[in-house]
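The values are calculated or read from the model by the stated rules, or taken from the named source; none is laboratory data. Keep in mind the model is a prediction, meaning the values are calculated, not measured. Cβ coordinates were reconstructed from backbone atoms using ideal geometry, including for glycine residues, and neighbour counts include every protein chain displayed. Keep in mind that these areas ignore ligands, DNA and RNA; they rest on the heavy atoms of the full protein, side chains included. Shrake-Rupley method; radii C 1.70, N 1.55, O 1.52, S 1.80 Å.
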Amino acid sequence: MAAVVIDGKAAALRVREEVRERVLVLREKGVIPCLGVILAGEDPASLSYVTAKERALEEAGMASRDIRLPADTGEAALLSHIALLNGDPAVHGILVQLPLPASIREDRVIAAIDPQKDVDGFHPVSVGNLVLGKRGFAPCTPQGVVTLLREANIPLAGAHAVVVGRSNLVGKPLMNLLSRREFNATVTLCHTGTRNLARYTQQADILIAAAGKAGLITADMIREGAAVIDVGVNRVPDLTAKKGYRLKGDVDFEGVAQRASVITPVPGGVGPMTIAMLLRNVVQAAEDTAIQH
Ligand code: GUN
């Protein structure tokens, strides 16, 4: 059996269309949703992510406030930019691209963002709201995974979802999202300390790989007919590629596709959904403030 390959780009386009319609409603009321985007340093991967986010905002009819800072920017200077964005009513969301230069404490920066503008969902208040099942912003990649599963008609209620990876960006929030009553999955969280990983992954109705290790999940590690979602974006050397590398997921795609029922590719799977969810969070933030005023 060969798996159905989930088209993340197509699913993301549907979300982006829905966002565009919500933006039109806001614009009629004189509100232009705006995201403040801070990039410190010149990491090429971060720059390409940020550029893609800003282009997507523009295509959806939204604005961005682009702040580019040199790699030697101090923590206090970065915090003062956040304070300005926090206090600016024309800015509805704030995104500080990670990772930050080593001299800046990431947790201090994240904690400085107004939780009402925390469209990345990384602020401790947002994390707490997610865990408590209250309203607030959930991180974009986990939301993208859940939305993809729904789009592919994968039943979540009562299913056993095994998440591999416990990062604050993906693994932990996914665990919390999937076990919410509205999704009702049973979640097992595996990580680098898990003994005999295959023993758990083989039990998964839905396997979500978010470990950041190229090709970690092989065909023998999954159950026949499982749904496999690959969150990994690993650069592996490839001399035949123009850039000298290519992107490879955490899943050995060719092998696993022979046993899975559905699978996401890398690139073109979860990645495009992440940006679509960011757009959705920004329009949500703008709608929330429009209601308050
Ligand atoms: N770096 C890698 N992924 C992300 C993300 O989703 N948000 C931010 N702010 N930085 C990132």
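Could you identify the single residue in Gly121, Gly93, Gly144 that is in contact with a Lys or Arg (Cβ under 6 Å, 6 or more places away or on another chain), within 15 Å of the ligand (Cβ to nearest atom) and in contact (Cβ under 8 Å) with a residue 24 or more places away in the chain? Outline the logic, then answer.
Numbers: Gly121 fails: in contact with a Lys or Arg (Cβ under 6 Å, 6 or more places away or on another chain); Gly144 fails: in contact with a Lys or Arg (Cβ under 6 Å, 6 or more places away or on another chain).
Residue meeting the stated conditions: Gly93.
Quick check, is Ile110 more than 16 Å from the ligand (Cβ to nearest atom) and open to solvent by 10 Å² or more (accessible area, probe 1.4 Å)? Reasoning before the result, please.
On the way: more than 16 Å from the ligand (Cβ to nearest atom): no; open to solvent by 10 Å² or more (accessible area, probe 1.4 Å): yes.
In short, no.
Which condition breaks for Arg199 when tested against (1) without any contact (Cβ under 8 Å) to a residue 24 or more places away in the chain; (2) within 15 Å of the ligand (Cβ to nearest atom)?
Going through (1) without any contact (Cβ under 8 Å) to a residue 24 or more places away in the chain; (2) within 15 Å of the ligand (Cβ to nearest atom) one by one, Arg199 breaks only (2).
Of the residues Ile104, Ile82, only one is within 16 Å of the ligand (Cβ to nearest atom), in contact (Cβ under 8 Å) with a residue 24 or more places away in the chain and either under 25 Å from Val31 (Cβ atoms) or charged (D, E, K, R) (or both); which? Lay out the reasoning, then the answer.
Numbers: Ile104 fails: either under 25 Å from Val31 (Cβ atoms) or charged (D, E, K, R) (or both).
The unique qualifying residue is Ile82.
With the condition kept exactly as written, say whether any residue in the stretch 152-161 is within 15 Å of the ligand (Cβ to nearest atom) and within 27 Å of Lys9 (Cβ to Cβ). Full working, then the answer.
Filtering the stretch 152-161 for residues within 15 Å of the ligand (Cβ to nearest atom) gives none.
No, the stretch 152-161 contains no residue that is within 15 Å of the ligand (Cβ to nearest atom) and within 27 Å of Lys9 (Cβ to Cβ).
Among the listed residues Ala77, Ala63, Ala71, identify the single one that is surrounded by fewer than 21 Cβ atoms within 10 Å (Cβ to Cβ) and under 21 Å from the mean Cα position of the chain (by Cα).
On the way: Ala77 fails: under 21 Å from the mean Cα position of the chain (by Cα); Ala71 fails: under 21 Å from the mean Cα position of the chain (by Cα).
Only one candidate qualifies: Ala63.
Identify, from the list Arg180, Arg223, Arg259, Arg246, the residue that is among the basic types (Lys, Arg) and closer than 20 Å to Val127 by Cβ.
Arg180
Could you tell me whether Pro272 is touching a residue at least 40 places away in the same chain (Cβ under 8 Å) and under 16 Å from Pro142 (Cβ atoms)?
Details: touching a residue at least 40 places away in the same chain (Cβ under 8 Å): yes; under 16 Å from Pro142 (Cβ atoms): yes.
Yes, satisfied.
For the list (1) open to solvent by 30 Å² or more (accessible area, probe 1.4 Å); (2) more than 22 Å from Ser46 (Cβ to Cβ), I need the number of the one condition that Ile263 fails.
(1)
So Glu224 fits all but one of (1) open to solvent by 40 Å² or more (accessible area, probe 1.4 Å); (2) not in a loop (DSSP other than H, G, I, E, B); what number is the exception?
Among (1) open to solvent by 40 Å² or more (accessible area, probe 1.4 Å); (2) not in a loop (DSSP other than H, G, I, E, B), the lone unmet condition for Glu224 is (2).
Under the condition of being of a type in the set (Gly, Ala, Ser) and at positive phi, which residue from the stretch 150-180 is surrounded by the fewest Cβ atoms within 10 Å (Cβ to Cβ)? Show your work before the answer.
The initial filter retains those residues of the stretch 150-180 that are of a type in the set (Gly, Ala, Ser), namely 152, 157-159, 161, 165, 167, 171, 179.
Checking the rest, the ones that are also at positive phi come to 158, 165.
Values: Gly158: 9, Gly165: 23.
By that ranking, first place goes to Gly158.
So which residues in the stretch 12-40 are under 18 Å from the mean Cα position of the chain (by Cα) and of a type in the set (A, V, I, L, M, F, W, C), if there are any at all?
Result: Ala12, Leu13, Val15, Val19, Leu35, Val37, Ile38, Leu39.
Out of Val228, Val170, Val187, I need the residue that is away from the ligand (no atom under 16 Å from the Cβ), closer than 29 Å to Leu279 by Cα and in contact (Cβ under 8 Å) with a residue 60 or more places away in the chain. Which one? Don't jump to the end; show me each part of the working.
Values: Val170 fails: away from the ligand (no atom under 16 Å from the Cβ); Val187 fails: in contact (Cβ under 8 Å) with a residue 60 or more places away in the chain.
Selected residue: Val228, the only one of Val228, Val170, Val187 that is away from the ligand (no atom under 16 Å from the Cβ), closer than 29 Å to Leu279 by Cα and in contact (Cβ under 8 Å) with a residue 60 or more places away in the chain.
Given the criteria more than 16 Å from the ligand (Cβ to nearest atom), free of Cβ contacts under 8 Å to residues at least 24 places away in the same chain, open to solvent by 10 Å² or more (accessible area, probe 1.4 Å) and under 25 Å from Val283 (Cα atoms), does Gly30 qualify? So that I can check it myself, show each step before the final result.
Details: more than 16 Å from the ligand (Cβ to nearest atom): yes; free of Cβ contacts under 8 Å to residues at least 24 places away in the same chain: yes; open to solvent by 10 Å² or more (accessible area, probe 1.4 Å): yes; under 25 Å from Val283 (Cα atoms): yes.
For Gly30, the condition - more than 16 Å from the ligand (Cβ to nearest atom), free of Cβ contacts under 8 Å to residues at least 24 places away in the same chain, open to solvent by 10 Å² or more (accessible area, probe 1.4 Å) and under 25 Å from Val283 (Cα atoms) - is met.
Testing Leu216 on (1) open to solvent by less than 60 Å² (accessible area, probe 1.4 Å); (2) modelled with pLDDT under 95, one condition comes back false. Which one is that?
The failed condition is (2).
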